[in-house]
Amino acid sequence: MNGAIKNETQIKNVRLLDSEKAVKRDRNLAYMMEHKPEYLLFSYYTEAGLNGLLRERLADMPIHDSWDNPVCQIRGTFTGHWLSAAARLYQETGNMELKGRADYVVSELGRCQERNGDGWAFSIPEKFLYGLKKGYHYWAPQYVCHKTMMGLLDMYEFAENAQALEILKGCADWFYRFTSDITRGNMDLMMDLEETGGMMELWADLYAVTKDPKHLELMRRYERPKLTEPVLRGEDVLTNMHANMTIPDIHGCARAYEVTGEDRYRKIVENYWDLAVTQRGTFATGGQTDAELWTARQKLGTRLSALNQEHCVVYNMIRLADYLYRWSGKAEYLDYMERNIENGLMAQGFWEAVHNNKAEDKLLPSSGLISYFLPLAAGSRKNWGTDDFWCCQCTLIQANAKYREFVYYKSEKGLTVAQFIPAEIDTAFAGVPVRVVQKAADLAGDFLTINPVSTKTDERPGYVQMRYDIEAKEAVAFELRIRLPWWLKQEARVLVNGEEIRYGKKESFAVISREWSHDTVDVILPKGITCCALPDEPHTVAFMDGPVVLGGLVSEERTLIGNIDKPETMIQPYHEREWYEWTGLYKTVNQMRGFYFKPLKEIGNQTYTVYFPVKNPGDHNGAAFL
């Protein structure tokens, strides 16, 4: 195994630096601070009988709406996600006000648990679970409970809140009693009726902390054999199945493998990935779903719609890729994560307009909270939700608290740079403290002073350049491994202390093995435009600039004339520079009717099209445009 343990210590020593990811994290933090504890706790208080009965007081009670409304059956789900994100954001940023709020929520959950008297610390009534046991239909009560317990565990692990673990142990005792007399058949029925969320993964995580055999038994009880057994046999049971109902079950198997070492669990995870991703294919964005369902294998053209790429699926598949990379060391999982980060998480959450200068733009909102889906049909528009407390709003706040967790992976031999996200890590090799700082090189320069970066760069750079400053307390040898992404157009170049070197290449990584002290590494990654075709429509393509999908600012499907192997015959850079930075804008060339492209992650209220049929010049009624 490449490193088959969850390494919270490593995660805790990583901090984001200035970048668009840090901007999203900070917007997330500001949004988290908008939510007052009394709002987050309302349904928990109600269930524990702590809200009081005075009519005049109830009239002034703070109440969330939509999926977190007190009459909604999954009320309280958001609170668990909020705790999870709060714990991670506090640990990274040190924001004590956020920690104070989160600690208070935990203490009040403890008060609710004490008032309920049997370990129950949730926002819904116990009868939902007992009814589910009898075959009655409720909206995902175990899913709701999982989110609260997930938040408690993260508060223990990342915010050092000991009370959170004690509350969680009480919750686990309740579930152990609840499941002790359930037959396997009845348990299967319960898991088919409604989502259970990441219950199996949670119990495995808890077992890793407590080593209590009851928690290991709960993990085994919450496996879903009606899914895992056919997946273990390699059978496709995913086509047209609700995607996010299954991914957390596989997370459970992944974590079960890590805490037990049983190869069966690993095989289930690997087979699931093969069925869900390798055999099925992906959109250019990295997503696979339509209307929350897995598409048919290699048949994505007929599934382009306004309901593609549910945010929850994007987030959970990134997490699954993280498990698989840590076990295998294969860069394909990191490439997958990059696509989904750039064209999923970044495209679907916390959007803000850079400029709202046009008259029509001023009539529209200048920001968006969460786009539940990422539409990929021609003439699409993102549907931004605001405080609907959808499941995707819940994973939004978690996802934007986790960017740092996917940047670096450490092994005994060295450090792997997995994502090109500016961040620093404090670690150690052979007992020697080492700090590695990753930043994007300044390729734009200033526009107020004369400097070589600006004056000697007359077009948008066709490469990504990252710089790594390495500081070791004393000279120490280790490997620095840097991912060579799938989108490279030429060989990467590596400079150490300003001198270009011949680096080792292992699979899809540049490997630099040496003794480090006070050193600087520059990595230049040539990029360009790639046409990414639908697997079942090889002449229908999306355009990608490196790992970033471009959206055409056009309200209908248009056939383009050009050569798929030479994207520059169809699009070229446009408005390359704006003030102090390079843009990612393009425009069509050699077409009868032109239009513009911009990164999909930067599109907010504009109508866009991602996929375009392409014809060769000779196939277009004999016309030769090129």
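The values are calculated or read from the model by the stated rules, or taken from the named source; none is laboratory data. Every value quoted in this text rests on a predicted model; they were computed, and no experiment measured them. Here Cβ is always computed from backbone atoms with ideal geometry, including for glycine, and neighbour counts include all displayed protein chains. Surface areas here come from the heavy atoms of the whole protein model, side chains and all, with no ligands, DNA or RNA. Shrake-Rupley method; radii C 1.70, N 1.55, O 1.52, S 1.80 Å.
From the list VAL237, VAL231, the one residue that fits, being of a type in the set (Val, Ile, Thr) and open to solvent by 40 Å² or more (accessible area, probe 1.4 Å), is VAL237. Counting residues in segment 588-608 that are of a type in the set (Gly, Ala, Ser), under 24 Å from LYS24 (Cα atoms) and open to solvent by less than 20 Å² (accessible area, probe 1.4 Å) gives one or more.
Scanning segment 512-553 for residues that are β-branched (Val, Ile, Thr), in contact (Cβ under 8 Å) with a residue 60 or more places away in the chain and under 24 Å from ALA440 (Cβ atoms) yields ILE524, VAL548, VAL549.
Does HIS575 satisfy the criteria of being at pLDDT below 95 and surrounded by fewer than 19 Cβ atoms within 10 Å (Cβ to Cβ)? Taking the combined requirement at face value, the residue satisfies it. Whether a residue is crowded, with 16+ Cβ neighbours inside 10 Å and over 30 Å from TYR143 (Cβ atoms) was assessed, and VAL434 passes this test.
Entry remark, segment 258-272: residues being open to solvent by 10 Å² or more (accessible area, probe 1.4 Å) and in a helix (DSSP H, G or I) number 9 in total. Selection of segment 177-209 for residues being under 28 Å from VAL313 (Cα atoms) and not in a helix (DSSP H, G or I) yields GLU194, GLU195, THR196, GLY197, GLY198. Evaluation of ASN161 against the conditions (1) within 28 Å of the chain's Cα centre (by Cα); (2) over 30 Å from ASP103 (Cβ atoms) shows that the sole unmet condition is (2). Among residues belonging to segment 353-393 that are modelled with pLDDT under 95 and polar (S, T, N, Q), point out the one that is surrounded by the most Cβ atoms within 10 Å (Cβ to Cβ). Taking the candidates together, the pick is ASN356.
Name the helices (runs of 4 or more DSSP H) wholly inside segment 47-166 in which the number of residues that are open to solvent by less than 10 Å² (accessible area, probe 1.4 Å) is 2 or more. Steps first, please.
Details: elements: 55-59, 77-93, 96-116, 126-133, 141-159.
Helices (runs of 4 or more DSSP H) meeting the threshold: 77-93, 96-116, 126-133, 141-159.
Scanning segment 293-334 for residues that are surrounded by 23 or more Cβ atoms within 10 Å (Cβ to Cβ), touching a helix residue (DSSP H, G or I) at 6+ places or on another chain (Cβ under 9 Å) and in a loop (DSSP other than H, G, I, E, B) returns THR295, GLN309, GLU310. Taking every residue in segment 380-402 that is of a type in the set (D, E, K, R) and pairing it with any residue that is open to solvent by 10 Å² or more (accessible area, probe 1.4 Å), at least 6 positions away or on another chain, the pairs with Cβ-Cβ distances below 6 Å are ARG381/THR607; ASP388/SER66.
Within segment 274-292, track down each residue that is touching a Ser or Thr at 6+ places or on another chain (Cβ under 6 Å) and within 16 Å of TYR333 (Cβ to Cβ). Talk me through it step by step, then tell me what you get.
Going residue by residue through segment 274-292, those that are touching a Ser or Thr at 6+ places or on another chain (Cβ under 6 Å) are 288, 290.
Answer for segment 274-292, where residues must be touching a Ser or Thr at 6+ places or on another chain (Cβ under 6 Å) and within 16 Å of TYR333 (Cβ to Cβ): just GLN288.
Quick one: count up the residues across segment 468-489 that are farther than 18 Å from ALA441 by Cβ, among the aliphatic types (A, V, I, L, M) and open to solvent by less than 20 Å² (accessible area, probe 1.4 Å). So the answer is 2.
The single condition among (1) more than 24 Å from the chain's Cα centre (by Cα); (2) acidic (Asp, Glu); (3) buried (at least 16 other Cβ atoms within 10 Å of the Cβ) that GLU194 does not meet is (1). Does TRP351 meet the test of being aromatic (Phe, Trp, Tyr) and under 30 Å from PRO613 (Cβ atoms)? Yes, satisfied. Only a single item in (1) in contact with a strand residue (DSSP E or B) (Cβ under 6 Å, 6 or more places away or on another chain); (2) open to solvent by 40 Å² or more (accessible area, probe 1.4 Å) is not met by VAL494, and it is number (2). Cβ-Cβ contacts under 7 Å between residues 6 or more apart (or on different chains), taken from a first residue in segment 268-297 that is without any contact (Cβ under 8 Å) to a residue 60 or more places away in the chain to a second residue that is of a type in the set (Lys, Arg), are listed as GLN279/ARG297; ARG280/ARG297; GLY286/ARG339; GLN288/ARG280; ASP290/ARG303; TRP294/ARG280; THR295/ARG280; THR295/ARG303.
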